1. What pairs come out if I take residues in the stretch 179-197 that are free of Cβ contacts under 8 Å to residues at least 12 places away in the same chain and assigned to a loop (DSSP other than H, G, I, E, B) and pair them with residues that are crowded, with 18+ Cβ neighbours inside 10 Å and not aromatic (Phe, Trp, Tyr) whose C-beta lies under 8 Å away, six or more apart or interchain?
2. If the requirement is being without any contact (Cβ under 8 Å) to a residue 24 or more places away in the chain and either closer than 27 Å to Phe157 by Cβ or aromatic (Phe, Trp, Tyr) (or both), which of these qualifies: His221, His225?
3. Working only within the stretch 109-148, note down all residues that are in contact with a Cys (Cβ under 8 Å, 6 or more places away or on another chain) and over 19 Å from Thr34 (Cα atoms).
4. Run Arg207 past the list (1) free of Cβ contacts under 8 Å to residues at least 40 places away in the same chain; (2) of a type in the set (Lys, Arg); (3) surrounded by 21 or more Cβ atoms within 10 Å (Cβ to Cβ) and report the number of the one that doesn't hold.
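What follows is calculated from the coordinates using simple rules that are stated; it is not laboratory data. Predicted model only: the values in this text are computed from it and were never measured. Neighbour counts are summed over all protein chains in view; Cβ atoms, including those assigned to glycine, are modelled from backbone coordinates with ideal geometry.
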Amino acid sequence: MSGPVLDQLKDARLGAEWFAVGWSREVKAGKTLTRRVLGRDVALWRPAAGDGLHCWLDLCIHRGAKLSLGEVRPGVGGDCLVCPYHGWRYAESGQCVSIPAHPGLIPPVKARAQVFKVRERYGVIWICLGEPGGELPEFPIAEDESFRVLLAGPYRFKALGPRLIENLLDVAHLGIVHAGLLGDPEGEIEDYEVGMGTGGPEAKEIRIFQPNPDGTGAGAHIRYHYEVKGPLTAGFVKYHGEQRFGMLAQVAPVDDETCEMRLVMAMNYGQEIPEEELITFQDRVTEQDRVIVESQRPELLPLDLQAELHLRSDRMAIAYRRWLREIGFTYGTNDGGAA
Ligand code: FES
Ligand SMILES: [Fe+2]
């Protein structure tokens, strides 16, 4: 069924995005995994040798069975994904290479899986359903050996992507929604400047006091560097003396109403803190955001700046909305003032 999100795929911007749809560790060698992205089911599978990854539409062209229910088996020149229904064997290229009911038949060229682009970086599986508009988002500290990398989520929101990203860029909510953790309810937000980075708006220096900036329990005056890296991808690095804590957030629309957010976190301290503790902290923070973001109306982020009230502390959100309008990003937005 085609809904608004599917229709949005006609918008080249959404088809050109890299979406984080899973963790590399989730797809074992010789196994499959299914995911729903932009209203489509995709099958991820790894050859048994474990040195590759494929992302196909999760649909066999014969009778529409889910390929992810099939098995990975050895074939000529590589492994095959075998459809669970009538056993059609698809080579790694996506081409069907044999049909058990007709052993002598060379499968027609049209008998092939729809293949999508897939990459792995930072322990994340990234897919693009159309022609990629650029490279994967850069997050250098996740590849720096002095940093510890943690993967959090997926966090499911019954909300649309732009509201989630704007929440990530919003400093004034930290002391309220995350009171006692990421901010102080009475804490004033100092003014800050917003510029244009390589992928979108950025704010290099936002200063704030946080009672527990990272789950370690130690309060600190910290500096934030926020960066939009794509319409549904953003990140920040927090600086506190020599300590740095970074987060890359990617939001993938699941269907017309739901999104999944995945977080890559990197920190150069706190090696002794159990991973579970840090992830639990992030789960708690995200849950606080989820309740608020799911309550926001309208669901579509208004790009017309007259539609909601804006203050100095909303600079980053204003820049994000302006930029979405500039690049003509229509998913999850309402450009009411454009006519
Ligand atoms: S549906 Fe896949 S082989 Fe028939
Ligand atoms: Fe938040």
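1. That search, which allows pairs on different chains as well, returns Pro185/Gly175; Glu186/Gly175.
2. Working: His221 fails: either closer than 27 Å to Phe157 by Cβ or aromatic (Phe, Trp, Tyr) (or both).
So the residue among His221, His225 that is without any contact (Cβ under 8 Å) to a residue 24 or more places away in the chain and either closer than 27 Å to Phe157 by Cβ or aromatic (Phe, Trp, Tyr) (or both) is His225.
3. The one that is in contact with a Cys (Cβ under 8 Å, 6 or more places away or on another chain) and over 19 Å from Thr34 (Cα atoms): Ala111.
4. Arg207 satisfies every listed condition except (3).
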